[in-house]
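Asker: Pasting a structure here, questions to come.
The values are calculated or read from the model by the stated rules, or taken from the named source; none is laboratory data. Bear in mind the structure is a predicted one, so any value in this text is a computation, not a measurement. Virtual Cβ from ideal backbone geometry, glycine too; neighbours counted across all protein chains shown. These accessible areas exclude ligands, DNA and RNA; they are computed on the full protein's heavy atoms, side chains included. Shrake-Rupley method; radii C 1.70, N 1.55, O 1.52, S 1.80 Å.
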Amino acid sequence: MHIHILGICGTFMGGVALLAKRAGHRVSGSDQHTYPPMSTQLAAEGIELTEGYSAEQFDPEPDLVVIGNALSRGNPAVEHVLNSSIRYTSGPRWLGENYLRGKSVIAVAGTHGKTTTASIVAWILESAGEKPGFLIGGIPENFGLSARDGKRFFVVEADEYDTAFFDKRAKFVHYRPEIAILNNLEYDHADIYVDIKAIQTQFHHLVRTIPGKGTIISNGQDPKLESVLDRGCWSQLQQFSMEEGSDWRVDLRKPDGSVLEFFYQENSIGRVSWSHFGRHNAMNACSAVAACVAAGVSPESAVQALSGFLGVKRRMELIAETDGIRVYDDFAHHPTAIRLTLEGLRRKVGNARVLVALEPRSNTMRAGVHISELGPALMPADRVWLMAGEGIDWDPQETLAPLEGRGRVVTRSDDMLAQMLDTAQPGDHVIFMSNGGFDSAPARFCRSLKDNEHG
């Protein structure tokens, strides 16, 4: 059939488009702004793109319209679909009811770590010769694309954000996984959920969809997940942690987390060196190993595959090393993830200086829900620049007070970059943290460094 996708350049909806095309459908789509890398990837697949949401794009009328959750009532394309009685659905529902049928689905849920963990799971399965399909909210470096078709297994990043304007359930209730990872659970998405209990209810709905023969891999150190499971668990439950007594355990054999040892029921199944760091990534790896073993991979093979994992674009991605200054791009959206990333980097680099540029861009961060946690989360940094753009109605100076003069508030990226370039020196580690475009600041900073070096 002809499927037309509204909001096609988002990572998830673009992935749905690629999977629909591979399944044999004619696919077209539109977005407010069609932009790379997704627009390039879609065009290479022969998917027709339209800029904007005018009604003219529905001539001829498609068989089905898939509507992204960024669109709402009042959007011209949405109003045309409703007024014309064109058949429509959401991306998660289409994926669950059409593409995922007959697949062994491995879903990765949690407030943070979903993209990295799902990428590790896909890589371990790939290393085991399983050729998995996947739909991930980022681009795993081992694969170079965010979605692909596969054989028996399909790995999906299971987001708790709502499905569409007409379906306010979490996306992940549509996926019906056989294996589910519950990585962690914190309050987020304040524009959708009134409190943590509302999010826990959505996780409980996910748990209800997992068959009795299926497996739940849950973080045994997270009391909020324990509360979810206390409401009912009908599947095989395995817990992972960094503490003794869990089914799966990971130990840091180097303080920075670059060497890990894994245990199943307190028996060592292997030690591995890899190019990543931090307690959070150790936990991500532990849950991924557990999930892949549940899928039939040998424990030893799962552990050793980690040595070949290359990471994910925009997840502490090293984008430049110029004049002795290392520059990273990180998709940061929650104080806990920021804190864990900076603590891990601090253990890795010792006394080297860490410079951070932060753009609070998620709806929750901009609403000020986590401002009391943000300052302490930035403590491992030596210098911090906080980009206070439009829509922030809290006091960023007060938020940075715990840094005792090490933090600066800026409103223009040009000013921020000028100050950072004046401060940076050989041996520094510079991190740009944002879940948006950050006014192209990371790339602009790197270009300026190169110009200075050659100048």
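Asker: Pick from the stretch 16-51 the residues that are surrounded by fewer than 13 Cβ atoms within 10 Å (Cβ to Cβ) and assigned to a helix (DSSP H, G or I): which of them is modelled with the lowest pLDDT?
Answerer: The selected residue is T40.
Asker: Further question: Is it the case, given these coordinates, that I192 is of a type in the set (V, I, T) and open to solvent by 40 Å² or more (accessible area, probe 1.4 Å)?
Answerer: Taking the combined requirement at face value, the residue satisfies it.
Asker: Which pairs turn up if I take residues in the stretch 177-194 that are within 12 Å of H334 (Cβ to Cβ) and look for partners that are of a type in the set (A, V, I, L, M, F, W, C) with beta carbon separation below 6 Å, at least 6 apart in sequence or on another chain?
Answerer: Final answer for the pair search is L185/L225; Y187/I196; A190/A367; A190/V369.
Asker: Now for a different question. Any chance you could count how many residues in the stretch 308-334 are over 21 Å from the mean Cα position of the chain (by Cα) and either open to solvent by 60 Å² or more (accessible area, probe 1.4 Å) or among the aromatic types (F, W, Y) (or both)?
Answerer: Adding up the residues that qualify gives 3.
Asker: Against the definition (assigned to a helix (DSSP H, G or I), modelled with pLDDT of 95 or more and acidic (D, E)), how does E130 come out, yes or no?
Answerer: no
Asker: Identify all residues within the stretch 52-74 that are over 20 Å from F12 (Cα atoms) and either open to solvent by less than 30 Å² (accessible area, probe 1.4 Å) or not in a loop (DSSP other than H, G, I, E, B) (or both); write none if there are none.
Answerer: Residues satisfying the conditions are A55, E56, Q57, F58, P62.
Asker: So for the stretch 318-330 (the condition being of a type in the set (V, I, T), closer than 18 Å to G110 by Cβ and touching a residue at least 60 places away in the same chain (Cβ under 8 Å)), does at least one residue qualify?
Answerer: No, the stretch 318-330 contains no residue that is of a type in the set (V, I, T), closer than 18 Å to G110 by Cβ and touching a residue at least 60 places away in the same chain (Cβ under 8 Å).
Asker: Among what's in the stretch 418-439 and is assigned to a helix (DSSP H, G or I) and open to solvent by 70 Å² or more (accessible area, probe 1.4 Å), pick the residue that is nearest to M365 (Cα to Cα).
Answerer: D439
Asker: Continuing with this model, one more query. Modelled with pLDDT of 95 or more, touching a strand residue (DSSP E or B) at 6+ places or on another chain (Cβ under 7 Å) and surrounded by fewer than 15 Cβ atoms within 10 Å (Cβ to Cβ): is that true of S287 in this structure?
Answerer: Criteria not met by S287.
Asker: Taking the stretch 239-268, which residues are buried (at least 20 other Cβ atoms within 10 Å of the Cβ), among the polar types (S, T, N, Q) and not in a loop (DSSP other than H, G, I, E, B)?
Answerer: Q239
Asker: Further question: Check K151 against each of (1) of a type in the set (K, R); (2) modelled with pLDDT of 95 or more; (3) more than 27 Å from L374 (Cβ to Cβ) and name the one condition it does not meet.
Answerer: Of (1) of a type in the set (K, R); (2) modelled with pLDDT of 95 or more; (3) more than 27 Å from L374 (Cβ to Cβ), only one is false for K151: (2).
Asker: In addition: Within the set of pairs 6+ apart or on separate chains, which have a first residue in the stretch 224-239 that is closer than 11 Å to R208 by Cβ, a second that is open to solvent by 40 Å² or more (accessible area, probe 1.4 Å) and not in a helix (DSSP H, G or I), and C-beta atoms under 7 Å apart?
Answerer: Within 7 Å, the pairs are W234/G212; S235/P211; S235/G212.
Asker: Follow-up. Among the residues of the stretch 101-119, is there at least one that is in contact (Cβ under 8 Å) with a residue 12 or more places away in the chain, over 19 Å from the mean Cα position of the chain (by Cα), open to solvent by less than 40 Å² (accessible area, probe 1.4 Å) and closer than 27 Å to E61 by Cα?
Answerer: No; the residues of the stretch 101-119 include none that is in contact (Cβ under 8 Å) with a residue 12 or more places away in the chain, over 19 Å from the mean Cα position of the chain (by Cα), open to solvent by less than 40 Å² (accessible area, probe 1.4 Å) and closer than 27 Å to E61 by Cα.
Asker: With the condition kept exactly as written, say whether any residue in the stretch 308-320 is assigned to a helix (DSSP H, G or I), on the phi < 0 side of the Ramachandran plot and touching a Ser or Thr at 6+ places or on another chain (Cβ under 8 Å).
Answerer: Checked the stretch 308-320: at least one residue is assigned to a helix (DSSP H, G or I), on the phi < 0 side of the Ramachandran plot and touching a Ser or Thr at 6+ places or on another chain (Cβ under 8 Å).
Asker: Quick one: in the stretch 1-40, which of the residues that are polar (S, T, N, Q) and in contact (Cβ under 8 Å) with a residue 12 or more places away in the chain is nearest to A70 (Cα to Cα)?
Answerer: Step by step, filter the stretch 1-40, then rank; the result is Q32.
Asker: I've got another one for you. All but one of (1) at pLDDT below 90; (2) on the phi < 0 side of the Ramachandran plot hold for F445; which doesn't?
Answerer: Every condition holds for F445 apart from (1).
Asker: Would you be able to say whether some residue in the stretch 34-46 is of a type in the set (D, E, K, R), more than 25 Å from E160 (Cβ to Cβ) and over 27 Å from the mean Cα position of the chain (by Cα)?
Answerer: For the stretch 34-46, residues of a type in the set (D, E, K, R), more than 25 Å from E160 (Cβ to Cβ) and over 27 Å from the mean Cα position of the chain (by Cα): absent.
Asker: Given the criterion within 23 Å of the chain's Cα centre (by Cα), farther than 28 Å from L345 by Cβ and of a type in the set (G, A, S), identify the matching residue among A190, A164.
Answerer: Result: A164 is the single residue among A190, A164 that is within 23 Å of the chain's Cα centre (by Cα), farther than 28 Å from L345 by Cβ and of a type in the set (G, A, S).
Asker: Those residues that are under 19 Å from F172 (Cβ atoms) and buried (at least 17 other Cβ atoms within 10 Å of the Cβ), I need them from the stretch 208-228; list them, please.
Answerer: The answer is T209, I210, G214, T215, I216, I217, S218, N219, D222, K224, L225, V228.
Asker: Which of the residues spanning the stretch 60-78 are touching a residue at least 24 places away in the same chain (Cβ under 8 Å) and touching a helix residue (DSSP H, G or I) at 6+ places or on another chain (Cβ under 9 Å)?
Answerer: L64, V65, V66, I67, G68, N69, A70, L71, S72, R73, A77 - these are the residues of the stretch 60-78 that are touching a residue at least 24 places away in the same chain (Cβ under 8 Å) and touching a helix residue (DSSP H, G or I) at 6+ places or on another chain (Cβ under 9 Å).
Asker: Let me ask something else about it. If I filter the stretch 154-168 down to residues being of a type outside the set (F, W, Y) and at pLDDT 95 or above, which single residue comes out as surrounded by the fewest Cβ atoms within 10 Å (Cβ to Cβ)?
Answerer: Looking at residues that are of a type outside the set (F, W, Y) and at pLDDT 95 or above, I get D167.
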